[in-house]
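K.L.:
This is the structure I want to talk about, given as structure tokens.
Laboratory data are not the source of any read-out in this text; all were calculated from the coordinates shown. Keep in mind that this is a model prediction, so the values were computed, not measured. Positions of Cβ are generated from backbone atoms using ideal geometry, with glycine treated the same way; all protein chains shown enter the neighbour counts.
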Amino acid sequence: MTLQPFLLGVNYPWSHYAEDFGASAAGHRGLSLPENRTLAAENFARIHDCGARVVRWFLFGDGRSGFTTEKGIPRRPDDFLLRDVETALELAGRFDLRLCFSLIDYLWLQDHTGKPATHANEQVLQFAAGREAFLQRILIPMFREFRAHAALFAWEIANEPEWAIREFHRQPEAKMHFADFRCFAEEMVQAVREYAGVPVTLGSARLDWVRAWAELGLDFYQAHYYPKQDSGKLSGLAKHLAALPAFDKPLWLGELPAHDDTTPGYALQTSLTHCCEAGLLGAAVWRWTPPEESGTDPHLGCVDPAILSAWHSAEHSHKASA
């Protein structure tokens, strides 16, 4: 019997948040700079040695880099965007890895009106004309440029968009209507289908929310899991996975913590095994790059290559003897 390979991945979310691809107002800090390329190559070699084959990387983040605007409307990719993306894909191919590019972070979808602006492009996705221009003038040219690239695993529409949508998240910054985002997401899916020639997905923040995206036409579903999501009878990843309805497409766990200081009983190895036993397409561990001290995830730490490698070796041996 031939078993479906489990796609083990890691999140290499950023070296510099929202500045790895293209230039920001502060200048170019992108991947094509020699020092950044060298660092990424070193990390990709180690990722490959751990047995991972997929790398998930945030591309535009909160939108501060990668394109030019005029009166708040995106005009074209900047002089560095495609060069930086090409560098990432070249490095991935060299180390037998494939990239899942998460295009938009939920921070860019949130409405921060009334607060000091963090960058000039902050409001681009808050109105239909801005979203349409971003798709037509920035994304589609990029999809065409890297159409069917062998090192592309998927284009991911957005990372955890629910945190910006009022029907999911009752916070002041979550002002976007589900219907508006869904319309935009459908257009992005169609553009990937027409111009990119690779799978398309969306990074849902929770397992329980995946079904909300069932009619987008995604090639595979994606959800994220953190122990803090546990509640009531659904305590633990295995129970969450077992309680899910049957999906018409494969499910990939796009974020799974390396460890969690707030949950002493959590173990990455056990969680990865639960994903395998549940028949998931794969899972990507959060995160490879160390968390920033000022960020929201220091308690999650980063990947221990020895632990990941040991799990992969044990799982490979188990499947070989099955």
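K.L.:
Please list, in chain and number order, the residues 5+ apart from residue 33 or on another chain whose amide H is under 5 Å from its amide H, with Hs placed from the backbone.
P.N.:
The answer is none.
K.L.:
Relative contact order for segment 180-250: what percent, with Cα pairs under 8 Å and sequence separation of 6 or more?
P.N.:
Value for segment 180-250: 28 percent.
K.L.:
Spin-label point model (7 Å from Cα, Cβ direction): what's the residue 180 to residue 214 distance in nm?
P.N.:
Those two pseudo-labels are separated by 2.7 nm.
K.L.:
Write down the percent of antiparallel bridges among all DSSP beta bridges whose residues are both part of segment 169-298, to the nearest 5.
P.N.:
10
K.L.:
GNM on the chain, C-alpha springs below 10 Å: top fluctuator among 74, 257, 305?
P.N.:
305
K.L.:
Could you work out the local net charge near residue 37, counting Lys and Arg as +1, Asp and Glu as -1, over the other residues with Cβ closer than 13 Å to its Cβ?
P.N.:
Numbers: positive: 29, 83, 94; negative: 20, 35, 42, 84, 86, 90.
Taking every Cβ under 13 Å from that of residue 37, the sum is -3.
K.L.:
At 7 Å along Cα-to-Cβ for each site, give me the label-to-label distance between residue 292 and residue 75 in nm.
P.N.:
2.8
K.L.:
Quickly estimate the mean residue ellipticity at 222 nm for the chain, helices only: each DSSP H run with n ≥ 4 gives -39500 (n - 2.57), and the total goes over all residues, rounded to 500.
P.N.:
It lands at -8500 deg cm²/dmol.
K.L.:
Turning to a different aspect of this structure: Stretched out fully, how many nm does the piece from residue 171 to residue 150 gain, at 0.36 nm a residue minus the Cα gap?
P.N.:
In short, 3.5 nm is gained.
K.L.:
What share of the DSSP beta bridges in the chain is antiparallel, in percent to the nearest 5? Could the numbers behind the result be given before it?
P.N.:
Values: 7 of 39 bridges.
Looking only at bridges with both residues in the chain, the antiparallel portion is about 20 percent.
K.L.:
To the nearest 20 debye, what is the magnitude of the charge dipole of the chain about its Cα centre, counting +1 on the Cβ of each Lys and Arg and -1 on the Cβ of each Asp and Glu?
P.N.:
In debye, rounded to 20, the chain gives about 420.
K.L.:
Report the far tail of the P(r) of segment 7-321, meaning the percent of Cα-Cα pairs longer than 31 Å.
P.N.:
More than 31 Å apart: 27 percent of the Cα pairs in segment 7-321.
K.L.:
Out of all DSSP beta bridges with both ends in segment 1-101, state the antiparallel percent to the nearest 5.
P.N.:
Working: 6 of 13 bridges.
Looking only at bridges with both residues in segment 1-101, the antiparallel portion is about 45 percent.
K.L.:
Still on this structure, please answer the following. Which distance in Å, rounded to a whole number, links the C-alpha centroids of segment 4-32 and segment 187-225?
P.N.:
Segment 4-32 and segment 187-225 have Cα centres spaced 20 Å from each other.
K.L.:
Near residue 239, which aspartates and glutamates are there with a Cα under 13 Å away, not counting those fewer than 8 places off in the same chain?
P.N.:
Correct list for residue 239: 208, 230, 277.
K.L.:
Among residues other than residue 205 whose Cβ falls under 12 Å from its Cβ, what is the net charge (Lys/Arg +1, Asp/Glu -1)?
P.N.:
Working: positive: 206, 228; negative: 105, 160, 162, 208, 255.
With Lys, Arg at +1 and Asp, Glu at -1, the neighbours total -3.
K.L.:
Under 21 Å from the Cα of residue 71, which lysines turn up, not counting those fewer than eight places away in the same chain?
P.N.:
The qualifying lysines are 115.
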